[in-house]
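Down below is the structure, laid out as structure tokens.
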Amino acid sequence: MKGFKGVLLAFLILNSSEMLTAQNLQWHKLSIENMFELAEVNSKSLRVFDIAEKEAQQAVGVAKNAMLPSIDVSLSASYLGDGWMADRNFSNGFNATMPHFGNNFAIEASQVIYAGGAISHSIAMAKLGGQFAQLDKEKNRQDIRFLLVGSYLELYKLGNQKEVYLQNIGQTKRLLSEIKAKQSEGLALKNDITRYELQLKSLELALTQIENSKVIINNQLVTVLDLPQETIVEIDTCILDKLPFVSLETDWQETAIEVSPILKQSKLGIEQSKHNEKIIKAERLPSIALFAGDRLDGPIIIEVPPINKNFNYWYVGVGLKFNIASTYKTGKKAKLAKLSTQKAIDSRQLLQDNVQTEVKAAYVRFIESFTIHETQIKSLELATQNYAVISNRYLNGLALITDMLDASNSKLNAELQVANARINILFNYYNLKKATGNL
């Protein structure tokens, strides 16, 4: 009796726990567009790239600082010891008293007015860096959206598979009931019942695996969208009501050339290399700057004896600076920069070929998915007809149980393939958009 009470208590605790968990679940119906909007706001990955974009924009401001004037201010106070004077041969030396408090104040402003284009090209490179960061964010956005679409459609596919398996489990149970009735009449063998019971267990196991896969994929979606972990994503079944339009491959290829973030970045890479060439060339050119300053010094120690007074003076002028070593050092750097530019140009052509190849493959798979869909519909019709015939023959004792099992498995496979084929059309469409960089 105690054992029975313990089992009953454990059963009640388990069921109350399951009921509590079910109450905590939050069903959230999402369309693909809703997911994209949520990802834009909640994705941790995109937030990281947002910061990188702001960082790159700030770097432009830092580069522009080189165009602003420089202002240096210095202030000092010092203790001056007595001096010592002697002849040039260091004879006849004697101490010379000096004012002991020394002070200095200086302010100087300078403005570069010509640096061979180094400043302007550095600013241009910083701006290109900002565009690079924007494209990195766009690439990440494309990756996240494709991940979401793939998981979303896989969840849809698993939902369809679940329905098919539930139908087949019900069908198998009904058939098993009929076979048991025939056995009681001596028209079926015990072995026939065993085989269908094994098939039923196999279907139930597959259903469990589908449920587990749904939990895993749902968790991936919830994590990426930064939703509460108890959220259950509900699929919008209307997404398959209207299949995407099949356009020409040339349209997709042109779109890829225009909008692909990878190709845009390769173009920016060429521009950066060219700016780098010009910055290196600027090293061979002189820099010119305007400057102005004011100094207040005391005491005046250039006089003998020193004069214990402050001396103030100001000045303005033009400065010219030229690095003579650049005439023989810059040549190799310039050659290296040209090679980098050529490498960037060749890399862009290679990337363009790769993108076009990827778009071609995605387009072929997209078109192929329509053919597969039509083929699977026809296969399901044939499999359904075959199952009906074999089932009727078996119930009339004109077919073997193995024939019935084969027909049932063929019908199950055909139903699964049709359920997936329509979803695959949509997946291949988004894969094509991803290949063009327009997802």
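Quick look at the values:
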| item | result |
| --- | --- |
| Residues of region 245-256 classified as loosely packed, with under 15 Cβ neighbours inside 10 Å and either under 29 Å from D136 (Cα atoms) or aliphatic (A, V, I, L, M) (or both), total | 6 |
| Number of the condition not met by I279 [criteria: (1) aliphatic (A, V, I, L, M); (2) under 30 Å from A118 (Cβ atoms); (3) surrounded by fewer than 17 Cβ atoms within 10 Å (Cβ to Cβ)] | (3) |
| Residue identified as outside any loop (DSSP other than H, G, I, E, B), surrounded by fewer than 17 Cβ atoms within 10 Å (Cβ to Cβ), in contact with a helix residue (DSSP H, G or I) (Cβ under 7 Å, 6 or more places away or on another chain) and not aliphatic (A, V, I, L, M) among K180, K137, K162 | K180 |
| Residue that is farthest from the chain's Cα centre (by Cα) [pool: residues in region 344-374 that are free of Cβ contacts under 8 Å to residues at least 40 places away in the same chain and farther than 23 Å from T255 by Cβ] | E374 |
| Selection status of A337, part of a helix (DSSP H, G or I), within 26 Å of the chain's Cα centre (by Cα) and either under 18 Å from I262 (Cα atoms) or modelled with pLDDT under 90 (or both) | no |
| Single residue of region 165-177 satisfying the filter (buried (at least 16 other Cβ atoms within 10 Å of the Cβ) and polar (S, T, N, Q)) that is nearest to Q220 (Cα to Cα) | N168 |
| Subset tally (residues that are touching a Phe, Trp or Tyr at 6+ places or on another chain (Cβ under 7 Å) and in contact (Cβ under 8 Å) with a residue 40 or more places away in the chain) for region 294-338 | 6 |
| Criterion: surrounded by 12 or more Cβ atoms within 10 Å (Cβ to Cβ), touching a helix residue (DSSP H, G or I) at 6+ places or on another chain (Cβ under 9 Å) and touching a residue at least 40 places away in the same chain (Cβ under 8 Å) - qualifying residue of G102, G116 | G116 |
| Top-ranked residue of region 199-220 - restricted to ones that are polar (S, T, N, Q) and in contact (Cβ under 8 Å) with a residue 12 or more places away in the chain, ranked as nearest to S408 (Cα to Cα) | Q199 |
| The lone exception for R145 - which of (1) touching a Phe, Trp or Tyr at 6+ places or on another chain (Cβ under 7 Å); (2) surrounded by fewer than 19 Cβ atoms within 10 Å (Cβ to Cβ) it fails | (2) |
| Given (1) in a helix (DSSP H, G or I); (2) touching a Lys or Arg at 6+ places or on another chain (Cβ under 9 Å); (3) surrounded by fewer than 18 Cβ atoms within 10 Å (Cβ to Cβ); (4) not polar (S, T, N, Q), number of the condition A399 does not satisfy | (1) |
| Helices (runs of 4 or more DSSP H) contained in region 1-79 and holding at least 2 residues at pLDDT 60 or above and within 30 Å of V112 (Cβ to Cβ) | 44-64 |
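The values are calculated or read from the model by the stated rules, or taken from the named source; none is laboratory data. Just so it is clear, the structure is predicted and the values come from calculations on it, not from any experiment. Because the Cβ atoms are built from the backbone with ideal geometry, glycine has one as well, and the counts that use them run over all protein chains shown.
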